[in-house]
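What follows is a set of notes on a single structure, which appears directly below.
The values are calculated or read from the model by the stated rules, or taken from the named source; none is laboratory data. What you are looking at is a predicted structure, and each value in this text was computed from that prediction instead of being measured. Neighbour counts run over all protein chains shown; Cβ positions are idealised from the backbone, glycine included. The area values use the complete protein model at the heavy-atom level, side chains included, leaving out ligands, DNA and RNA. Shrake-Rupley method; radii C 1.70, N 1.55, O 1.52, S 1.80 Å.
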Amino acid sequence: MDIETLSRDGFAQFDLSRVPSPCFVVDEVAIERNLRILADVAEQSGGHVLLALKAFSMFAVAPLVNTHLSGVCASGLFEARLGREKFMGEVTTYCAGFKAEDLDEIVRLSDHLIFNTPAQHRRFADQIETARNAGEQVSLGLRVNPEHSEGWNPKYDPAAQCSRLGTPISQITPADLDGIDGLHMHTLCEQGFAPLKRTWDAIEDRIGPWLADMQWLNLGGGHHITKADYDRDGLIALIQYIKDRYGVAVYLEPGEATALFAGILVGEVLDIAYNDMALAITDISATCHMPDVIEAPYRPDLLGEQAEGTKYRFGGPSCLAGDVIGDYILAGNLEPGDRFAFLDQAHYSMVKTNTFNGVPLPAIALWNSDTDDLRMIREFTYEDFLGRLS
């Protein structure tokens with residue numbers, strides 16, 4: 001199933017004038033399409049699939065997530081609260097560094113609590129014991145750094161040199177695993193099955209004996225499971241092998257795969273200028289609405305982009321000189337008031353928005369591409385901007 005083509009064709013039928021600008025529009029049909037693929041992998045493999053809230057935390061679609069996945073994974077207290085309050089199933093919480101004042105509530109909210117280092121585990125051992133004596137049944141895990149790098153971008157490679165994420169396996173001793181129920185490793189970013197298999201092959205001899213005393217293994221996120229070219233049969237076979245060989249439950253934490261090709265960001269042209277090339281000033285800001293365009297960096301696809309025509313450089317309304325989204329070719333000429341949309345913006349863009357320069361946050365809408373039903377979920381105001389300041 002080519003979810004990218006299905007998404008592009010679906011959003012090509014959407015009337016961009018139906019929503020305010022800027023606005024994220026998420027297709028619940030596309031979300032469920034992704035969820036069905038993930039649920040099928042879980043069913044065939046016997047593994048557990050969790051939604052990574054750090055990538056996609058739109059709780060308006062929680063009923064769909066709850067129907068298909070085993071729960072969510074969180075990156076700290078606030079996401080753990082969101083997971084427990086708005087979603088169903090398990091909550092797994094990992095953070096590179098926990099605060100003592102947050103831990104009691106995180107323990108109460110979480111089924112799995114994953115420490116980044118043995119030092120954090122030891123530091124909070126008494127606090128965990130007190131919570132368990134009071135009736136909490138949290139399962140403890142340790143994140144390991146396989147010291148095997150498959151990353152395509154050092155910014156998003158947890159196994160890069162000097163990484164702070166996870167404890168290098170070469171440093172782990174038997175004493176470090178005392179009281180640990182499971183292991184967690186997350187080394188991928190927007191990747192297929194082959195890098196995961198190579199990582200597992202590189203560390204199985206080391207990690208295998210540890211799993212004999214464990215209850216679960218979490219293979220983290222970064223898996224593009226819902227893409228058409230992903231080797232899902234290979235993933236299913238690996239999960240089954242680990243379960244059968246080592247007797248542990250196996251977890252996956254896809255975030256992007258849940259919302260891949262499921263949303264657009266609608267914008268409006270504010271002005272057309274010229275400085276060596278045509279410049280489209282828009283109400284969409286790379287730095288405020290799509291930070292990964294600058295941080296990664298990457299160039300988002302534009303709905304309706306052409307191979308030939310008039311080239312425009314799209315940029316935002318902020319004062320940042322580098323608030324540039326990219327160069328795009330259109331069949332006709334743009335005018336102020338024209339609408340446009342960037343594709344594949346449901347994941348990460350929505351959770352990373354900010355109000356630098358007082359640029360308004362995009363509204364959020366939920367659309368059904370089968371029925372054409374449209375529901376406005378949230379529109380942001382000055383009060384949302386003010387609430388973030390002092």
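Brief remarks follow.
- Unmet requirement for Ser17, which otherwise passes all of (1) more than 21 Å from the chain's Cα centre (by Cα); (2) open to solvent by less than 10 Å² (accessible area, probe 1.4 Å): (2)
- Residue match in segment 194-203 (condition: at pLDDT below 95 and of a type in the set (Val, Ile, Thr)): no
- Test: residue in segment 298-310 that is in contact with an Asp or Glu (Cβ under 7 Å, 6 or more places away or on another chain), over 30 Å from Glu79 (Cα atoms) and either modelled with pLDDT under 95 or open to solvent by 10 Å² or more (accessible area, probe 1.4 Å) (or both): no
- Output for segment 289-303, where each listed residue is under 23 Å from Phe11 (Cα atoms) and either among the charged types (D, E, K, R) or under 20 Å from the mean Cα position of the chain (by Cα) (or both): His289, Met290, Pro291, Asp292, Val293, Tyr298, Arg299, Pro300, Asp301
- Qualifying residue in segment 319-329 (condition: closer than 21 Å to Phe56 by Cβ and out of contact with any Lys or Arg (no Cβ under 9 Å at 6 or more places or on another chain)): no
- Sole exception among (1) under 18 Å from Pro360 (Cα atoms); (2) not in a loop (DSSP other than H, G, I, E, B) for Ile284, by number: (2)
- Qualifying residue in segment 33-56 (condition: surrounded by fewer than 16 Cβ atoms within 10 Å (Cβ to Cβ) and either among the aliphatic types (A, V, I, L, M) or in contact with a Gly (Cβ under 8 Å, 6 or more places away or on another chain) (or both)): no
- Of all the criteria given as (1) surrounded by fewer than 22 Cβ atoms within 10 Å (Cβ to Cβ); (2) within 21 Å of the chain's Cα centre (by Cα); (3) not in a loop (DSSP other than H, G, I, E, B), the one not satisfied by Leu361 is (3).
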